[in-house]
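Asks: Right, I'll just put the structure down here and ask away after.
No value in this document is a laboratory result; all are computed from the given coordinates. Quantities reported herein were computed from a predicted structural model and do not represent experimental measurements. Note: ideal-geometry Cβ built from the backbone for every residue, glycine included; neighbour counts use all protein chains shown.
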Amino acid sequence: MVFILTPDAPEARVSEFIKAWEDRGFSTILSKGTVHSAVCLIGDTKEVDLDHVVETTDIVSYGKRVTEPYKAVNRTVHPEDTIVKIGDWSIGQGTFTVIAGPCSVEGKEQLLDVARAVKASGARLLRGGAFKPRTSPYAFQGMKEEGLALLKMARAETGLPVVSEIMNQTQAELFEDIDVVQIGARNMQNFDLLKVVGQMKKPVLLKRGLSSTLEELMMSAEYIMSSGNPNVILCERGIRTFETATRNTLDLSAVVVLKQKTHLPVVVDPSHGTGIRSLVAPMSKAALAVGADGLIVEVHNDPAKALSDGAQSLDPGQFDGLMGELRARAAIEQRRI
Ligand code: PEP
Ligand code: MN
């Protein structure tokens, strides 16, 4: 059950209202909006007389029953779009944010080359994996701490905030100075890790699991938000289907469903979503068209020699061409890119 508060509800009254419910054994989520805030009750609300609460509480403007199991991420609980701030840039309403960089950080030259190129083409954030989840234990596992240090160096040089994947909860300290932590597809339901990034208070890019339903993705976002972190960005990165022509099946309808059901920004990963370089640009334009809030795209200075995911990586020239096409389309929609 959620109570949408009046715009002028004084903080002290809101705290009293919350405390009264908690004294009755409910957990609560206070969701702050720019105009309306909302208090969501978690627990068995069958016996609560919704109309009576609305009529007798002056700070409540209306109430609704929330039947979905996800509450904090639910658009019913928080009707306005969440905007995730990263430095002076906002991911969400009115922008189309392109995150770009190599699958893996491979070395100083490689990372700086790519970082300078994607910055010049208009990317807003730099991606780069330092800890890599690989199917084979014999494949390149990432540069680890050294990779994170190189990302910070590339940030200092280009000014681009950095995104990197955290693989387990023992790494939280290492990621303190990383701007956005990524939860990879394979960790989407690592609930202990979700709770830890929920306490990190920094933006989290949460990728959809390889075989996860959208409800499962939303429940994973719920773990992060209910642990105290409202800065969650959802990412559709393709799912397992019977189709073998592409590495994964990029589910673009997921973008629309997630934006209807949640208030969180949604970005698309056309690189892992297809696994094929020539499909990256068309699916990126499609992502913009269906209302995604941005992209995370793999770019390598020499894709043929990449230590991971070369076949789906754009080279800097291809990325620049894509950015030009996206800029033209974003301008039509009056979205900042
Ligand atoms: C990645 O972003 O390089 C990655 C491993 O992604 P995913 O978790 O979506 O496979
Ligand atoms: Mn990759």
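Asks: Considering only DSSP states other than H, G, I, E and B, which GluC sites (Glu not before Pro) in segment 215-268 qualify as loop sites with at most 15 other Cβ atoms within 10 Å?
Replies: Sparse-neighbourhood loop GluC sites (Glu not before Pro): GLU243.
Asks: Throw me the Rg/Rh for segment 235-337, computed over C-alpha atoms with Kirkwood Rh, two decimals.
Replies: Across segment 235-337, the Cα-based Rg/Rh ratio is 0.98.
Asks: Cut-off under 28 Å on the C-alpha distance; same-chain residues fewer than 8 positions from LYS202 excluded. Which lysines are left, in chain and number order?
Replies: Within reach: LYS19, LYS32, LYS71, LYS85, LYS108, LYS119, LYS132, LYS144, LYS152, LYS259, LYS261.
Asks: List the longest stretch of the chain that has no exposed loop site; here a site is one of the trypsin sites (Lys or Arg not before Pro) assigned by DSSP to anything other than H, G, I, E or B, with at most 16 other Cβ within 10 Å.
Replies: Here the longest segment lacking exposed loop sites spans 241-337.
Asks: A further question follows. Near LYS305, which aspartates and glutamates are there with a Cα under 16 Å away, not counting those fewer than 8 places off in the same chain?
Replies: Partners within reach: GLU106, GLU109, ASP113, ASP315.
Asks: Looking at the chain, which longest stretch skips every one of the chymotrypsin sites (Phe, Trp or Tyr not before Pro) that is in a DSSP loop with at most 12 other Cβ atoms within 10 Å, leaving the sites themselves out?
Replies: Result for the longest clean stretch: 1-137.
Asks: What is the chain's relative contact order, in percent, from Cα pairs under 8 angstrom and six or more apart in sequence?
Replies: Reported relative contact order: 16 percent.
Asks: Here's another thing I want to ask about it. In whole Å, what is the distance between the alpha-carbon centres of segment 1-59 and segment 203-255?
Replies: 30 Å
Asks: Going by how many other beta carbons lie within 10 Å of each one, how would you line up THR76, THR262, fewest first?
Replies: THR76, THR262
Asks: Let me ask something else about it. In segment 22-62, what GluC sites (Glu not before Pro) fall in a loop by DSSP, with at most 10 other Cβ atoms inside 10 Å?
Replies: Listed in order of number, the matching sites are GLU47.
Asks: Further question on the same structure: Would you please state the base-10 log of I(q)/I(0) at q = 0.07 1/Å for segment 84-332, with intensities from the Debye formula using one equal scatterer on every alpha carbon?
Replies: Results for segment 84-332 at q = 0.07 Å⁻¹ read -0.19.
Asks: Which percent, nearest 5, of DSSP beta bridges in segment 84-332 are antiparallel?
Replies: Antiparallel bridges: around 15 percent, rounded to the nearest 5.
Asks: Further question: Which of the aspartates and glutamates could be linked to LYS201 by a straight reach, that is with a Cα gap under 20 Å, when you skip same-chain ones fewer than 8 residues away?
Replies: Correct list for LYS201: ASP81, ASP88, GLU165, GLU173, GLU176, ASP177, ASP179, ASP192, GLU222.
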